[in-house]
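Everything on this sheet refers to the single structure shown next.
Every number in this text was worked out from the coordinates using simple rules, so none of it is lab data. Please read these numbers as outputs of a predicted model, since none were measured by experiment. Methodologically, a virtual Cβ is constructed for each residue, glycine included, from the backbone with ideal geometry; neighbour enumeration extends over all protein chains shown.
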Ligand code: AMP
Ligand code: GLY
């Protein structure tokens, strides 16, 4: 099969790494890709949100399967674009329809879905400009912290947790007056949940589902989970506090009702469901749905999968996922992200990356990198994810941190405490 991956981060390099191991993959293209994916396939300078350009590429290169990495093309309806086009309708698209992608693209939609299918999540109310006064009154009655969420996609910045009612009311007004653009036209005010977070990844064909290894990511820039939110500074798998008892609850109380909801609402969904979960007391609750794999969770989840990923995705698109048995690698995997100085604020690009060849015992997944001749330059905030195996999470982390010290570029920063709480 000829396969096209849409996206260009560490997640997509990991997809490329796993896909290129499959005997089912003949030709691999990545749009736009990065310096890492260029070593596994052909990078093409096409924007994943430009569906006409994606179409031209798919037809030109005889692509059989499109694997969608990021959420934005899915929320914008890339799946539907393919299925409604005579020339493209036979191409397999891994990802949900626009309707399915609303689970990520609209917080209010996701909350109503969870309410309808009895999926445990924080209590909430939603408000728009016309119910602003009602919203302010509602927030006045909340015991802080107050959780505010812009309804739509806001590049991971649309969730605010405020420690006072006054602050929350100010932010609430700012959101409704366009702080996050149209994403904040509706604001969800949610009960604060106190617990520890983890990520569960499910592949579904809309009928059956398969659960991938569980992971935990570290979103804050600073050690000890302090400072600003980032796209993710590292991840570990497995997660020590997620035992069989908890996973059984996740499956019974969250995964099964989610798949049932997808079926009852007749959403076309042939892709990944990323469950952002929190353990409150002994029970799991949903913090958020995403309609794609996580980044950097993918960098630890796929290395722990023994299955042929192409076979899995092919079965998904052909709605026969039920035939497949998931085989996991018993080893632990960890990843440590090297980021540009200043990230998640402003940072410079184009820094020369050295030392990649000197590393050993890890898999180097590129995120924001760009090849220029023989040299590799930084090209984003998150630059390289260093993934390692170990008999334990600790052992894997040692290897990741050893290699994190070897790879270098001006302004390099990484967290040395990934996994500190598990
Ligand atoms: P989200 O974009 O929905 O994942 O939210 C970003 C982060 O905000 C999550 O990873 C949590 O750490 C935090 N968060 C979101 N909703 C809640 C909640 N109801 N209670 C506590 N923390 C939350
Ligand atoms: N690591 C969190 C995400 O991919 O959204």
Q. Which of 304, 11, 382 comes first, and how do the rest follow, when ranked by fewest Cβ neighbours within 10 Å?
A. 304, 382, 11
Q | Overall form of the range 141-251 per C-alpha gyration tensor (a/c, 1.5; a/b vs b/c) | A | prolate
Q | Highest average packing first - 50-57, 394-401, Cβ atoms within 10 Å | A | 394-401, 50-57
**Q.** CD proxy at 222 nm, helix term only [per DSSP H run n ≥ 4: -39500 (n - 2.57); per residue of the chain; nearest 500]
**A.** -7500 deg cm²/dmol
Q. So what is the relative contact order of the chain, in percent, for Cα pairs below 8 Å that sit 6 or more residues apart?
A. 17
**Q.** Between the range 266-333 and the range 375-410, the Cα center-to-center distance that results, in Å
**A.** 23
Q) Looking at the square roots a ≥ b ≥ c of the eigenvalues of the Cα gyration tensor of the range 100-140, which shape do they give, rounded for a/c under 1.5, prolate if a/b is larger than b/c, or oblate? A) oblate
Q: Quick one: order 198, 180 by neighbouring beta-carbon count within 10 Å, fewest to most.
A: 180, 198
Q: Averaging sequence separations of C-alpha pairs under 8 Å and six or more residues apart, then dividing by the length of the range 150-200, give the relative contact order as a whole percent.
A: 43
Q. Given R₀ = 35 Å, FRET efficiency for residue 131-residue 251 by Cβ-Cβ distance, to 0.05?
A. 0.45
Q: Specify whether the C-alpha gyration tensor of the range 336-381 places it in the rounded, prolate or oblate class, a ≥ b ≥ c being the square roots of the eigenvalues: rounded for a/c under 1.5, otherwise prolate if a/b is larger than b/c and oblate if not.
A: oblate
Q. Picking from 99, 299, 374, which is most flexible by a Gaussian network model of the chain using Cα springs under 10 Å?
A. 374
Q. Taking the highest mean first, how do the peptides 284-297, 102-115 order by number of other beta carbon atoms within 10 angstrom per residue?
A. 284-297, 102-115
**Q.** Binned Cα-Cα distance frequencies in the range 1-128 - 5 Å width, integer %
**A.** 2, 11, 20, 19, 16, 11, 8, 7, 5, 1, 0
**Q.** Where only alpha carbons of the range 227-311 are counted, the Rg and the Dmax (Å)
**A.** 14.4, 41
Q: Any chance you could check the Cα centroid distance between the range 214-230 and the range 125-158 for me, in angstrom?
A: 24
Q | Sites residue 173 and residue 89 - FRET efficiency at Förster radius 56 Å, r taken between beta-carbons, to 0.05 | A | 0.75
**Q.** Antiparallel bridge percentage (DSSP; both residues within the chain; nearest 5)
**A.** 80
Q: Taking 7 Å along the Cα-to-C-beta vector as the label spot, tell me the residue 405-residue 60 distance in nanometres, rounded to one decimal.
A: 4.7
Q. Of 131, 163, how do they rank once you tally other Cβ atoms within 10 Å and put the fewest first?
A. 163, 131
Q) How much length, in nm to one decimal, is gained on full extension between residue 374 and residue 282, taken as 0.36 nm per residue of separation minus their Cα-Cα distance? A) 27.9 nm
